[in-house]
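Please treat every number below as a calculation from the coordinates, not as lab data. Since the model is a prediction, treat every value here as computed from it, not as a measurement. We place every Cβ from the backbone using ideal geometry, glycine too, and count neighbours over all the protein chains shown.
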2 protein chains.
Amino acid sequence: MKITKDLYQSSLVLLTDFYQLTMAYAYWKSGKGEQEAVFNLFFRKHPFQGGFTLAAGLDYVVDFCNNFKFEKADLEYLEVMKDKDGSPVFEAAFLEYLQTLQFTCDIDAVEEGTVVFPNSPMVRVKGPLIQCQLLETPLLNIINFQTLIATKAARINFAAQGEPVLEFGLRRAQGIDGALAASRAAYIGGCTSTSNVMAGKLFGIPVAGTHAHSWIMSFETEMEAFEAYADAFPDQCVFLVDTYDTLNGVKNAIRVGEILRSKGKEMVGIRIDSGDLAYYSTKARQMLDEAGFPNAKIVASNDLDEHIIASLKSQDAAINVWGVGTKLVTAYDQPALGAVYKLSAIKNADGHWEPKVKVSQQSLKINVPGFHNTKRYYSKGKAVADMIYLEDQEINPKGVVIIDPVDATRRKRLMPAFYQEEILLKPIFKNGKKVYKLPTLAEIRARAASQLDSLDKTHMRLVNPHLYPVGLEENLHHLRMELVLKAKKFDNGED
Amino acid sequence: MKITKDLYQSSLVLLTDFYQLTMAYAYWKSGKGEQEAVFNLFFRKHPFQGGFTLAAGLDYVVDFCNNFKFEKADLEYLEVMKDKDGSPVFEAAFLEYLQTLQFTCDIDAVEEGTVVFPNSPMVRVKGPLIQCQLLETPLLNIINFQTLIATKAARINFAAQGEPVLEFGLRRAQGIDGALAASRAAYIGGCTSTSNVMAGKLFGIPVAGTHAHSWIMSFETEMEAFEAYADAFPDQCVFLVDTYDTLNGVKNAIRVGEILRSKGKEMVGIRIDSGDLAYYSTKARQMLDEAGFPNAKIVASNDLDEHIIASLKSQDAAINVWGVGTKLVTAYDQPALGAVYKLSAIKNADGHWEPKVKVSQQSLKINVPGFHNTKRYYSKGKAVADMIYLEDQEINPKGVVIIDPVDATRRKRLMPAFYQEEILLKPIFKNGKKVYKLPTLAEIRARAASQLDSLDKTHMRLVNPHLYPVGLEENLHHLRMELVLKAKKFDNGED
């Protein structure tokens with residue numbers, strides 16, 4: 001296919017904002033291109049007004065970095081770019097520089113399937129300024145979306161209380177990869193299967209699906225349609241019962257279920273895709289039970305999300321399997337995560353690393369400076385707090401204070417020696433070489449399940465969740481304060 | 001890159017819901033696979049509570065259909081699929097059938113850049129049931145998303161009242177293609193440029209961008225950063241002024257503007273990316289004017305959408321160029337269009353076409369039956385009404401009555417002879433062969449502009465728009481009523 005063929009042939013190095021290239025050029029012109037910097041990718045607020053976020057997308061990032069190379073076609077495109085007066089935007093020598101550019105960054109990142117919290121780095125990139133900048137946009141594109149969907153999926157699965165959730169959002173997803181990457185992330189977040197056959201093929205996700213209303217409508221009667229389907233798939237019949245009249249559809253499903261049974265087969269269940277799901281599922285359950293089909297499953301779909309599922313659960317709807325599409329794969333109530341990628345340190349001419357903050361009128365928007373990482377403390381398998389700390393800072397096992405990055409009055413004293421700890425950023429690339437063994441998708445999904453399990457359920461509550469404690473280690477807090485105050489005085493011209 | 005490489009190598013024929021394949025198999029088993037059918041792709045409600053929708057995505061659909069073929073790798077994937085008891089899901093003979101499957105459908109569609117309304121077909125597919133079903137999901141995926149974004153872009157450009165709107169949503173878009181397809185659709189909808197360099201390269205969209213906060217932060221002072229940027233791009237300086245303190249940033253931009261001017265160059269303008277845009281733009285305008293830079297543009301960004309732009313306009317904000325990202329490329333306030341694809345006719349064994357409706361408790365959800373198309377009537381270049389009609393129905397030039405598909409009390413009498421008319425569905429494929437010359441992206445964008453121009457501005461109003469009249473031609477209305485009543489009686493067992 002043309003679109004994907006062009007994509008493949010050109011590498012994805014141009015999948016970036018144009019200003020990354022103009023900055024790269026300007027860095028190069030001003031002799032700063034090889035100056036080393038550290039950037040952190042993080043978000044400031046959980047999506048969906050929730051209490052947790054589930055990291056995803058790293059596999060794509062690794063793939064992107066492994067293939068980070070300006071190809072001939074990329075350079076030809078840049079070569080013919082003209083500015084308003086018709087002169088080339090980029091000097092030929094710069095394009096030659098890009099041609100020889102090798103990916104040499106260090107990348108540290110939280111593994112896919114890790115629960116993450118605001119202001120804590122998800123990806124840290126250390127390397128020459130130019131490379132750091134060129135990576136900004138693709139990394140954000142990949143991580144923002146997959147993390148968003150994995151989190152949405154985790155919320156929906158939480159609401160379904162362990163019952164299977166089938167993802168079938170392809171038809172409403174935002175583009176081809178918007179569908180594929182969403183299926184992948186939804187599986188990480190706990191979904192059981194996808195309807196997207198290509199996602200099944202590419203990622204090894206189980207695929208599921210039976211038939212649509214059009215199947216029923218292509219026959220003279222619903223009975224004929226059910227019977228024909230049962231002939232084709234005697235072992236896998238889930239009958240869609242709401243094409244004409246839902247309860248009549250259940251009756252017809254039962255009739256065909258009886259025919260199947262007379263042949264030694266058992267129908268799997270029915271699906272309801274419209275109407276009042278609480279009412280119809282309860283009625284259908286009753287009919288199925290009375291007819292001797294207590295094991296027939298009831299699959300429900302129709303614009304479901306975590307809130308509707310929770311509401312149906314609270315009404316004792318007799319639903320066993322949840323089909324979720326649009327609301328999941330587009331993260332309908334908040335379709336973007338809003339993670340950012342900020343400079344946190346730069347190496348000066350004298351070889352000294354200088355920590356950096358971007359000042360803002362909103363303290364929520366001030367980043368964490370320096371070379372930092374995050375430790376998670378666990379007690380008996382449960383996560384109790386995250387500490388963001390400077391990597392060269394010694395941590396006193398007898399006691400640390402962590403301070404909320406936004407509200408400095410919120411503090412917590414911890415005795416690290418009491419806890420198990422996990423350092424969240426793991427080395428992924430060292431000098432441009434991959435040093436990380438990519439887990440399989442099944443392993444990532446298992447990690448997500450175990451990470452979610454380590455969270456107290458109050459943090460997973462769909463509405464008004466309990467805030468999980470994340471703080472800056474004291475010294476990092478003081479460094480940040482100092483830098484902010486210095487920057488504010490300096491730039492207001494008050495010093 | 002692995003993901004895109006796998007995509008390209010496998011063709012996109014598996015980019016479909018699994019139930020399309022199980023239905024295909026069951027059609028094939030029951031001898032109905034070659035039975036001919038007509039499906040229509042349409043939506044039921046304008047997105048964003050708006051009064052119009054702008055069609056986009058057809059180019060991808062044509063590409064998809066041109067490459068509709070089961071490749072070896074696709075078939076191998078299907079071959080090893082097992083059901084619960086370990087037997088193959090699909091018989092070998094069915095996979096052989098798929099292997100030889102040739103695309104033979106007729107496709108008629110509205111051209112990209114056409115304004116479209118609810119219930120009117122956007123794409124009509126006529127062909128063997130199996131092919132029609134396999135196309136359903138990819139067509140919906142492609143058309144739903146690009147139409148959604150083109151419409152959002154048209155709304156945003158309407159709010160900007162002809163001032164340039166730059167799209168820079170890549171970092172928050174839903175996946176790689178979620179970004180690329182969005183840039184394309186945004187350009188169709190009237191945006192001036194994209195930040196996405198790969199979209200520039202693939203589609204020939206102008207790209208734009210200057211520098212980020214990180215550029216400023218990588219220098220000791222903002223002045224140094226501006227000066228270095230001016231050295232690299234003396235003719236294209238747009239200075240981002242809000243890294244530390246916005247108005248101080250404007251002062252620094254003016255200083256560097258003066259330095260540039262002393263060298264015979266002129267700065268293009270400044271960009272403000274945070275804070276109160278109405279306040280800061282007005283202040284900055286005043287400062288720039290007083291300093292002798294009345295032509296310096298003020299670019300504004302920061303989570304803009306059509307409503308915020310309209311509000312800034314109403315406050316006389318001194319903004320000349322609008323940078324729009326997240327809210328545009330994810331269609332933030334409604335991230336899915338919800339178009340559907342419904343069977344409207346099927347050819348019986350006797351060769352007779354039988355019109356079909358899917359009945360629903362909500363009359364909003366009942367589709368239009370039969371082989372229908374839409375005529376748009378224009379008066380002096382302005383669109384006055386759309387009529388959905390049966391293609392074999394003769395239309396009396398002296399008078400027709402069109403009836404609202406949802407509220408049958410809303411009717412309109414038209415005298416076709418008074419108007420220019422345009423038939424909206426154009427032939428795209430005939431027996432699987434392309435019969436349509438694809439327009440260039442520039443032509444599509446021009447068509448969109450002229451189509452939007454043909455709409456009365458009251459239909460484009462952002463809030464509570466005036467409803468454009470779209471109705472079923474009388475005979476089609478009666479056919480639909482008859483089918484619905486018949487289906488309801490029949491399935492309630494009342495006949």
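Here the Kirkwood formula puts the hydrodynamic radius of the range B:134-185 at 12.0 Å, using every distinct Cα pair. For residue B:439, the label point sits 7 Å beyond Cα toward Cβ; its separations from the matching points on the remaining copies run 5.0 nm, from shortest to longest. Between copies, the label points of residue A:294, set 7 Å from Cα on the Cα→Cβ line, lie 8.7 nm apart, reported in increasing order to one decimal in nanometres. Taking the helices alone, the protein assembly as shown has a mean residue ellipticity at 222 nm of -11500 deg cm²/dmol, built from -39,500 (n - 2.57) per DSSP H run of at least 4 residues and averaged over all its residues.
Share of Cα-Cα pairs in the protein assembly as shown beyond 59 Å, in percent? Every Cα pair in the protein assembly as shown considered, those over 59 Å come to 12 percent. Put simply, the amide H of residue B:54, placed in the peptide plane, has neighbours under 5 Å in B:116, B:151, leaving out anything fewer than 5 places away on its chain. Amide H contacts of residue A:239: A:269, A:270, A:271, each under 5 Å away and 5 or more positions distant or on a separate chain (H built 1.01 Å from N in the peptide plane; Pro and chain starts excluded).
Peptides B:32-41, B:252-261 ranked from most to least packed give B:32-41, B:252-261, packing being the mean of other C-beta atoms within 10 angstrom over each peptide's residues.
With both residues required to sit in the protein assembly as shown, DSSP beta bridges show an antiparallel share near 70%.
Here's the picture: charge each Lys and Arg Cβ at +1 and each Asp and Glu Cβ at -1 in the protein assembly as shown, and of A:28, A:107, B:414 the one pushed furthest to the positive end of that dipole is B:414. Of the DSSP H helices in chain B, those that are both long (alpha-carbon extent of 15 Å or more along the helix axis) and hydrophobic (Kyte-Doolittle mean at least 0.5) are B:129-159, B:176-188.
Scaled to the globular estimate 2.2 N^0.38 Å, the Cα spread of the range A:61-132, given as radius of gyration, is 1.50. Karplus-based coupling profile of the range A:189-196, in residue order and whole Hz: x, x, 5, 8, 7, 10, 8, 7, with θ = phi - 60° in 6.51 cos²θ - 1.76 cosθ + 1.60 and x standing for Gly or Pro.
Within the same chain, aspartates and glutamates fewer than 8 places from residue A:488 are excluded, and of the rest, those with a Cα less than 16 Å from its Cα are B:220, B:222, B:242, B:245. On the basis of the beta-carbon distance and an R0 of 45 Å, residue B:73 and residue A:99 show a calculated FRET efficiency of 0.85. Amide H to amide H distances under 5 Å link residue A:354 with A:346, A:347, A:348, where only residues 5 or more positions off or on other chains count and H is placed in the peptide plane.
Taking only the alpha carbons of chain B, we obtain Rg and Dmax values of 26.7, 90 Å in that order. Basic side chains Lys and Arg get +1 at the Cβ, acidic Asp and Glu get -1 at the Cβ, and with that the dipole of the protein assembly as shown about its Cα centre reaches some 760 debye.
When each of A:353, B:28 is scored by the number of other beta-carbon atoms lying within 10 Å, the sequence from fewest to most is A:353, B:28.
Mean per-residue shielding of peptide B:298-309 is 0, counting Cβ atoms of other chains within 10 Å of each Cβ. Of A:353, A:314, A:341, whose Cα points farthest to the positive end of the dipole of the range A:296-441 (charges on the beta-carbon: +1 Lys, Arg; -1 Asp, Glu; origin at the Cα centre)? Of A:353, A:314, A:341, it is A:353.
In this structure, the pairs whose alpha-carbon distance is over 28 Å, taken from B:356/B:380; A:412/A:457; B:126/B:365, are B:356/B:380.
So which chymotrypsin sites (Phe, Trp or Tyr not before Pro) in the range B:125-231 are both in a DSSP loop and have at most 13 other Cβ atoms within 10 Å of their Cβ? Here no chymotrypsin sites (Phe, Trp or Tyr not before Pro) fit, given the DSSP loop and packing criteria. Identify, among B:286, B:300, B:239, the residue whose Cα sits farthest towards the positive end of the charge dipole of the range B:210-318, taking +1 on the Cβ of Lys and Arg and -1 on the Cβ of Asp and Glu, with the dipole about the Cα centre. Checking the options against the dipole of the range B:210-318, the answer is B:286.
Distances from residue A:283 to itself in the other copies, using label points 7 Å out along the Cα-Cβ axis, amount to 6.3 nm in increasing order.
About its Cα centre, chain A has a charge dipole of approximately 1000 debye under the convention of +1 per Lys or Arg Cβ and -1 per Asp or Glu Cβ, with nothing else charged.
The three principal axes of the Cα atoms in the range B:428-495 give end-to-end lengths of 57, 42, 20 Å, sorted in falling order. With only Cα atoms counted, the range B:121-251 has Rg and Dmax values of 20.2, 68 Å. Exposure proxy for B:87, B:120: other Cβ atoms within 10 Å of each Cβ, ordered fewest to most, give B:87, B:120.
Estimated translational diffusion coefficient (Stokes-Einstein, Kirkwood radius over Cα pairs, 20 °C, 1.002 mPa s) of the range A:197-250: 174 µm² per second. Local charge for residue B:187 was computed over the other residues whose Cβ lies under 10 Å away, with Lys and Arg +1 and Asp and Glu -1, and equals +1. Counting neighbouring beta carbons within 10 Å and listing from fewest to most, the residues A:217, B:415, B:122 come out as B:415, A:217, B:122.
You can think of it this way: the chain between residue B:303 and residue B:423 has 39.3 nm of extra reach, that is 0.36 nm per residue less the Cα-Cα gap. Relative to the globular-protein estimate of 2.2 N^0.38 Å, the Cα radius of gyration of the range B:210-318 stands at 1.03.
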